[in-house]
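The values are calculated or read from the model by the stated rules, or taken from the named source; none is laboratory data. It should be emphasised that the depicted structure is a prediction, and the values quoted were computed from it without experimental measurement. Ideal geometry is used to build each Cβ from the backbone, glycine not excepted, and the neighbour counts take in all protein chains shown. Accessible surface is based on the protein model in full, side chains and every heavy atom, while ligands, DNA and RNA are left aside. Shrake-Rupley method; radii C 1.70, N 1.55, O 1.52, S 1.80 Å.
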Amino acid sequence: MREGLTDLLGQIKRQLTNSQEIGLDSPFLSTESLHYLTGAPQLDAVPLRKNSYCESLEELEDFISTCDRCKLSKARKTLVFGEGSPHARLVFVGEAPGVEEDIAGKPFVGAAGKLLTDVIKAMGLTRDEVYICNVIKCHPPHNRDPEPDEIEMCFPFLQNQISLIKPEVICAIGRIPAQSLIDRDFKITRGRGQWHSFMDIPVMPTYHPAYLLRYPQAKKDVWDDVQKIMKKLGLEDPRRLRN
Ligand code: URA
C-alpha cells in the first residue's frame, strides 16, 4: 500500500514537472498539494517556465536543436524532431531514431519506416498528411531502449509538439511510446488495440513495425488497430495490408 502510494505520488510529480516545464497549469490540484508534490516552498517563488513553451513547431524545433539535457546529445548526428503536416489529424509517435534516422534527420526512414509508410498508404493517406515523431529525439547508441531519465528529459518536447498539432488521434507505435503516453507498466501485447487517452486525445497503441519485420503474422493485429483509427477519423475504403 505504502509502496503503491509512493509510486503514485512519483508519477503525479513527474507529470506536474513536465506540465510546468511546458507552461501548462495544473488545475486539478490544490495549491497546498502542488507545493507538497513539487517540493516548492511557495508557488510564487517557482515561476512556471512559460518561456520554454514554444508557440509553433518551427520555434520548438529551433529551441531544442541545441538540446544537451541528456547524455544522448553527445553522440547524436542529428536531432530528429519529426515531420509531416502541422495540422495532422493523426500523429504517429515512435520510440527513438535509429541509425538511419540519425543520419537522415527524419523519423522512420529505415526498414521499419518503410513498413510504417506502407501502413499509412494502406490507410489511404500519405506521410505528408500525418505527423510522425518519436518520444526521444536523439538516437540511443546501439539501438538500446531509451532510459527513464532520457524519456523524462525529452517528454516535455513531445507534449509541446502534440499540444501545437492538436491531432484527433495519436497512434503509439510500440511499447516505449505506449508506456510514455499511457502508463509506464503498459503491456503492448495485452493492451494494444484499445483506446486510451493522452492530453484528452484518443491514443491507439499498436505494435512497432520493427516487431512486424520479425513477426509478420502480427500485421493483421496492426491492421485491426489501424482500422479502429480509420473509423474514428471517418476514413473509408481501406486496402488490406499484405503479409
Ligand atoms: N523506430 C522508431 O521508433 N522511430 C524511428 O524514427 C525509427 C525507428
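Would you call residue 170 in a helix (DSSP H, G or I), under 16 Å from residue 233 (Cβ atoms), open to solvent by less than 10 Å² (accessible area, probe 1.4 Å) and out of contact with any helix residue (DSSP H, G or I) (no Cβ under 6 Å at 6 or more places or on another chain)?
Working: in a helix (DSSP H, G or I): no; under 16 Å from residue 233 (Cβ atoms): yes; open to solvent by less than 10 Å² (accessible area, probe 1.4 Å): yes; out of contact with any helix residue (DSSP H, G or I) (no Cβ under 6 Å at 6 or more places or on another chain): yes.
Judged against the criteria, residue 170 is not a match.
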Of all the residues that make up region 97-127, how many are within 11 Å of the ligand (Cβ to nearest atom) and either open to solvent by less than 30 Å² (accessible area, probe 1.4 Å) or in a loop (DSSP other than H, G, I, E, B) (or both)?
14
Is it true that residue 131 is surrounded by 23 or more Cβ atoms within 10 Å (Cβ to Cβ) and more than 17 Å from residue 228 (Cα to Cα)?
yes
Considering residues that are touching a helix residue (DSSP H, G or I) at 6+ places or on another chain (Cβ under 6 Å) and either among the basic types (Lys, Arg) or open to solvent by 30 Å² or more (accessible area, probe 1.4 Å) (or both), the number found within region 214-237 is 1
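Can you tell me which residue in region 63-73 is surrounded by the fewest Cβ atoms within 10 Å (Cβ to Cβ), limited to those that are farther than 18 Å from residue 162 by Cβ and not small (Gly, Ala, Ser)? First the steps, then the outcome.
First pass over region 63-73, keeping only residues farther than 18 Å from residue 162 by Cβ: 65-66, 68-73.
Filter once more, keeping what is not small (Gly, Ala, Ser): 66, 68-72.
Numbers: 66: 8, 68: 10, 69: 15, 70: 18, 71: 14, 72: 23.
Among residues in region 63-73 that are farther than 18 Å from residue 162 by Cβ and not small (Gly, Ala, Ser), the one surrounded by the fewest Cβ atoms within 10 Å (Cβ to Cβ) is 66.
Within region 179-189, can you find the residues that are crowded, with 17+ Cβ neighbours inside 10 Å, assigned to a helix (DSSP H, G or I) and away from the ligand (no atom under 12 Å from the Cβ)? Write out each step before concluding.
Start the filter on region 179-189 by keeping residues that are crowded, with 17+ Cβ neighbours inside 10 Å, which leaves 179-182, 186, 188.
The next check asks that each one be assigned to a helix (DSSP H, G or I); those that pass are 179-181, 188.
Answer for region 179-189, where residues must be crowded, with 17+ Cβ neighbours inside 10 Å, assigned to a helix (DSSP H, G or I) and away from the ligand (no atom under 12 Å from the Cβ): 179, 181, 188.
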Residue count, region 83-96 (criterion: of a type in the set (D, E, K, R) and within 14 Å of the ligand (Cβ to nearest atom)):
2
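Might you let me know whether region 63-74 holds any residue that is within 12 Å of the ligand (Cβ to nearest atom) and either in a helix (DSSP H, G or I) or not hydrophobic (A, V, I, L, M, F, W, C) (or both)?
Filtering region 63-74 down to residues within 12 Å of the ligand (Cβ to nearest atom) leaves none.
No, region 63-74 contains no residue that is within 12 Å of the ligand (Cβ to nearest atom) and either in a helix (DSSP H, G or I) or not hydrophobic (A, V, I, L, M, F, W, C) (or both).
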If I filter region 142-158 for residues that are more than 15 Å from the chain's Cα centre (by Cα) and either near the ligand (Cβ under 9 Å from one of its atoms) or open to solvent by less than 50 Å² (accessible area, probe 1.4 Å) (or both), do I get at least one hit?
yes
When you look at residue 224, is it more than 22 Å from residue 82 (Cβ to Cβ) and not basic (Lys, Arg), yes or no?
yes
Being of a type in the set (Ser, Thr, Tyr) and within 13 Å of the ligand (Cβ to nearest atom) is the requirement here; does residue 78 meet it?
yes
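Please enumerate the residues belonging to region 190-201 that are of a type outside the set (Gly, Ala, Ser), outside any loop (DSSP other than H, G, I, E, B) and surrounded by 17 or more Cβ atoms within 10 Å (Cβ to Cβ). Can you show your working first?
In the first step, residues of region 190-201 are kept if they are of a type outside the set (Gly, Ala, Ser); the result is 190, 192, 194-196, 198-201.
Narrowing the set further to residues that are outside any loop (DSSP other than H, G, I, E, B) leaves 190, 196, 198, 201.
If the condition is that a residue be of a type outside the set (Gly, Ala, Ser), outside any loop (DSSP other than H, G, I, E, B) and surrounded by 17 or more Cβ atoms within 10 Å (Cβ to Cβ), then 196, 198, 201 are the ones that fit.
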